[in-house]
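Everything on this sheet refers to the single structure shown next.
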Amino acid sequence: MILESSAIDEAADRISPVAKTTPLQPNERLSRATGADVWLKREDLQGVRSYKIRGAFNFISQLTDDERRHGVICASAGNHGQGVAQSCACLGIRGQVYIPATTPRQKRERIMSLGAGRVELVVAGDTYDEAASAAKIAAFETGAVLVPAFDDLRTVAGQGTVAKELVGQLGRAPDVVMVPVGGGGLLAGCLTWLAEHCPTTRVVGLEPAGAACLIEAVKRGAPCDLPTLESFVDGAAVRRAGDLTFAIASHFKPRLVAVPEGRVCSEMLGLYQVDGIIAEPAGALASAGLAHSEEPDGPYYRPRPGETVVAIVSGGNNDVSRYAEILERSLVHEGRKHYFLVSFPQEPGALRRFLDDVLGPDDDITHFEYTKRSNRELGPALVGIELGDPADYPGLIQRLEDSPIGFETVGADSPFYRFLV
């Protein structure tokens, strides 16, 4: 066995002075949508607003006096850095946190606040992996201890305390535990503890579709670098799965699901608007992977009717300024929002005819960019249309084709699309 579940039990005792026992709450919205008995493990309510304090404190608290004198360094997309920062403040240790430039301001400010003057923030690169590379070099040059975000037994043991805690709160073994996956530390810890204490529980790992490094590692038989990385789900946007976490996942063989980023956005909005939960993208990843009973088969986990499912809300460090983009991505994913390049005749009444002949009664124009050119017969306009019913998209296309106005669909591969979304 790579990691003993007893190490997770010991970690639970070790971290108890700093890590909160977070609530386990039944969720009516998801239970109704899936037909299952769905519960949310609210790690977003930790003091650092994510489960990362568990692994960081379990690791740092076991350092020798000599290691503590040299200080610690970590790389983080934001949440691990907050866990390290709070651990440094609690244990009186100096630290540096390396973050990518994409880390939201809200997470940066929280790292500095939680560090209480003991932590320096260093921006290095545009991705987590670039920040991690810089942190490793700095640790080698200074002698500081590198605190892994996921690829160390002490970190994994700390993260695995989430599974021990939720089972104790539920009072029985759940049928399914939905675990978000970045580098795989939380998944590895949960797999290890549940395998011994709840062997009938199925574990499902959820990765962002644009950063599914563990799924790719399983396909290839070893961790590997993803050729491209979608960084929107910043708390889980890791280019390469950990060697240790891959070995543990390969041993236990959980089901792995790649969740589209747009689906994550829709779930974030559901958590916020219905449940009153402010989740970051990675925090909504687990519950976003649940298939709703009325939707067609897709890449999601479809619960059996009535089975008990626990989804881990892993973090709530979301910048409110991101909600405009979250809403946009959600609408596009759900088929409600579409963009077109429309060639309007430069004559009075052209826009009115477009509105009367093309738009359905519940459709709305949400984006319109047009500049009149007096020396041209036609003027192109970039038009965003939000449908009242996503199922009416074929009807919209038919009405556009029947109209005398020329148009082009702006697809996901278009430069215009990347500019808008």
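The values are calculated or read from the model by the stated rules, or taken from the named source; none is laboratory data. None of the values given here were measured: they were computed from a predicted structure. Here the Cβ positions follow ideal geometry from the backbone for every residue, glycine too, while neighbour counts run over all protein chains shown.
Of all positions in the range 307-324, at least one carries a residue that is surrounded by fewer than 24 Cβ atoms within 10 Å (Cβ to Cβ) and at pLDDT 95 or above.
Just checking, which of F252, F246 is more than 22 Å from K107 (Cα to Cα) and surrounded by fewer than 22 Cβ atoms within 10 Å (Cβ to Cβ)?
Numbers: F246 fails: surrounded by fewer than 22 Cβ atoms within 10 Å (Cβ to Cβ).
Among F252, F246, only F252 is more than 22 Å from K107 (Cα to Cα) and surrounded by fewer than 22 Cβ atoms within 10 Å (Cβ to Cβ).
Screening the range 130-156 for residues that are surrounded by fewer than 20 Cβ atoms within 10 Å (Cβ to Cβ) and hydroxyl-bearing (S, T, Y) and picking the one that is farthest from Y98 (Cα to Cα) gives T142. Would a scan of the range 103-122 turn up a residue that is within 30 Å of V177 (Cβ to Cβ), surrounded by fewer than 18 Cβ atoms within 10 Å (Cβ to Cβ) and out of contact with any Gly (no Cβ under 7 Å at 6 or more places or on another chain)? Within the range 103-122, one or more residues are within 30 Å of V177 (Cβ to Cβ), surrounded by fewer than 18 Cβ atoms within 10 Å (Cβ to Cβ) and out of contact with any Gly (no Cβ under 7 Å at 6 or more places or on another chain). I137 fulfils the conditions (1) farther than 20 Å from I60 by Cβ; (2) in contact (Cβ under 8 Å) with a residue 12 or more places away in the chain; (3) out of contact with any Ser or Thr (no Cβ under 7 Å at 6 or more places or on another chain) except for a single criterion, (2).
Scanning the range 18-72 for residues that are more than 21 Å from the chain's Cα centre (by Cα), within 26 Å of V145 (Cα to Cα) and assigned to a loop (DSSP other than H, G, I, E, B) yields a count of 8.
Only one of (1) at positive phi; (2) surrounded by fewer than 23 Cβ atoms within 10 Å (Cβ to Cβ) fails for R49. Which number is that? Of the numbered conditions (1) at positive phi; (2) surrounded by fewer than 23 Cβ atoms within 10 Å (Cβ to Cβ), the odd one out for R49 is (2). Here is a list: G360, G395. Which entry is at pLDDT below 90 and surrounded by fewer than 17 Cβ atoms within 10 Å (Cβ to Cβ)? Exactly one residue qualifies, and that residue is G360. Applying the criterion of being at pLDDT 95 or above and of a type in the set (S, T, N, Q) to the residues of the range 228-272, the residue that is nearest to G182 (Cα to Cα) is T245. Quick one: is I385 assigned by TED's automatic domain parsing to the domain that holds P415, of a type in the set (A, V, I, L, M, F, W, C) and free of Cβ contacts under 8 Å to residues at least 40 places away in the same chain? Spelling it out, it is not the case that I385 is assigned by TED's automatic domain parsing to the domain that holds P415, of a type in the set (A, V, I, L, M, F, W, C) and free of Cβ contacts under 8 Å to residues at least 40 places away in the same chain. Taken over the range 327-342, residues that are in contact with a Phe, Trp or Tyr (Cβ under 8 Å, 6 or more places away or on another chain), at negative phi and surrounded by fewer than 17 Cβ atoms within 10 Å (Cβ to Cβ) amount to 1. Run down S76, S6 and say which single residue is of a type in the set (S, T, N, Q) and modelled with pLDDT under 95. Checking each option against the conditions leaves just S76. When T409, T366, T371 are screened for being among the hydroxyl-bearing types (S, T, Y), surrounded by fewer than 17 Cβ atoms within 10 Å (Cβ to Cβ) and more than 30 Å from A288 (Cα to Cα), only T371 passes. Just checking, does the range 157-175 include any residue being surrounded by fewer than 24 Cβ atoms within 10 Å (Cβ to Cβ), closer than 30 Å to R94 by Cβ, free of Cβ contacts under 8 Å to residues at least 24 places away in the same chain and of a type outside the set (K, R)? No, the range 157-175 contains no residue that is surrounded by fewer than 24 Cβ atoms within 10 Å (Cβ to Cβ), closer than 30 Å to R94 by Cβ, free of Cβ contacts under 8 Å to residues at least 24 places away in the same chain and of a type outside the set (K, R).
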